[in-house]
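The values are calculated or read from the model by the stated rules, or taken from the named source; none is laboratory data. Computed from a predicted structure; not experimentally measured. Note: ideal-geometry Cβ built from the backbone for every residue, glycine included; neighbour counts use all protein chains shown. These accessible areas exclude ligands, DNA and RNA; they are computed on the full protein's heavy atoms, side chains included. Shrake-Rupley method; radii C 1.70, N 1.55, O 1.52, S 1.80 Å.
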Amino acid sequence: MAIVYIGDRKAGKTHLALELINPRGHYVKVSGIDYDSLKANLFGTEDTIRATDSIREHPLEVNVQLPIPKPLLVKWMDTPGEIWRSSWQTDNQEDWLSFLGTVTQSEGVLLILPPYREILKPTIDPQPYMTQRQWCNRFDSWVEFFISHCAKARHIAICLNKADLFCDYEAEAQKLIYNPNGRQMAWLDRHRYVSQRYFHPIQAQIDRINTQRDCAARCFITSIHSRTLLELPWIYLASFLSA
């Protein structure tokens, strides 16, 4: 069983993956890769993540501390933003087909999305982000991608990243927190809460994935600033996918 980790351009997926590898985890730990070395390799001279210019596959062994610990084999597909353009796919057929081969065999998918302008806090510059209409249109492409290329996927975690830019992420983390020894939301209740609050513009498309793909597509919010939110989609996938 494998999980593929993918996402939109400028969604923050590389930084989010880096922080997942941070050894100061709660329920999720990554082995076989050094956090400091990877961080030094990924960051440019201006303390920003270097742009990805080719498909890079990073195998990760993710260990989730459930009541019965669960290992997950993850393939982090770090892709250039141009990969979704038909011209890039035509010019790089071998890389594109290899990417599709990995996705097609995966039982779990973790998709990272950026926020859209209308959801941002008033203090955030909206210019680098898509409008809500553009964001919804882009997600239509993801729906077609899941239906056409994710034949074996049984669980899809859809993560609206950079929660610190659009909500009180600390309060949301406390509400959504995973606590195996105490009272907490059920996974379906978490999904309903997050999807109604943050994914309402694409609710119909998410329902389409759930019906046409006969799988569970569940919504999350994530941030590099909240270990609780960062870990939730991984805990969810580990809870429902067999080892």
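As an exercise, find the ratio Rg/Rh for the stretch 80-167 from alpha-carbon atoms, using the Kirkwood inverse-distance average for Rh.
Numbers: Rg = 15.1 Å, Rh = 14.7 Å.
Rg/Rh for the stretch 80-167 comes to 1.03.
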*Leaving ligands, DNA and RNA out of it, work out the accessible area of R56 with a 1.4 Å probe and give it in Å² to the nearest 10.*
80 Å²
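Show me the helices of the chain, taken as full DSSP H stretches, that run 18 Å or more along their long axis by Cα and average -1.0 or above in Kyte-Doolittle hydropathy. List each step's numbers first, then the result.
Numbers: long enough: 132-149 (25 Å, -0.75); 227-240 (20 Å, 0.79).
Long hydrophobic helices here: 132-149, 227-240.
Over the stretch 3-240, calculate the relative contact order: mean separation of alpha carbon pairs under 8 Å at least 6 apart, over the residue count, as a percent. Don't jump to the answer; show the numbers that get you there.
Details: 375 pairs, mean separation 55.1, N = 238.
For the stretch 3-240, the relative contact order is 23 percent.
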*Per residue accessible area of the stretch 3-240, 1.4 Å probe, in Å²*: 48 Å²
*Using all C-alpha to C-alpha distances in the stretch 160-243, build P(r) with 10 Å bins and read off the rounded percent in each one.*
17, 50, 30, 4
_What does DSSP give for the stretch 3-240 in terms of the percent of beta bridges that are antiparallel, rounded to the nearest 5?_
40 percent
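When N counts the residues of the stretch 3-240, how does its alpha-carbon radius of gyration compare numerically with 2.2 N^0.38 Å, as a ratio? All intermediate terms of the calculation are to be shown ahead of the outcome.
Working: Rg = 17.0 Å, N = 238, 2.2 N^0.38 = 17.6 Å.
So the stretch 3-240 has a normalised radius of gyration of 0.97.
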*Would you be so kind as to identify which of L230, M77, S98 lies farthest towards the positive end of the dipole of the chain, taking Lys and Arg as +1 and Asp and Glu as -1 on Cβ and the Cα centre as origin?*
L230
*asked:* Run the helix sum for the chain: -39,500 (n - 2.57) per DSSP H stretch of 4+ residues, divided by residue count, reported at 222 nm to the nearest 500 deg cm²/dmol.
replied: -12000 deg cm²/dmol
*Dipole magnitude of the chain about its Cα centre, charges +1 at Lys/Arg Cβ and -1 at Asp/Glu Cβ only, in debye to the nearest 20?*
720 debye
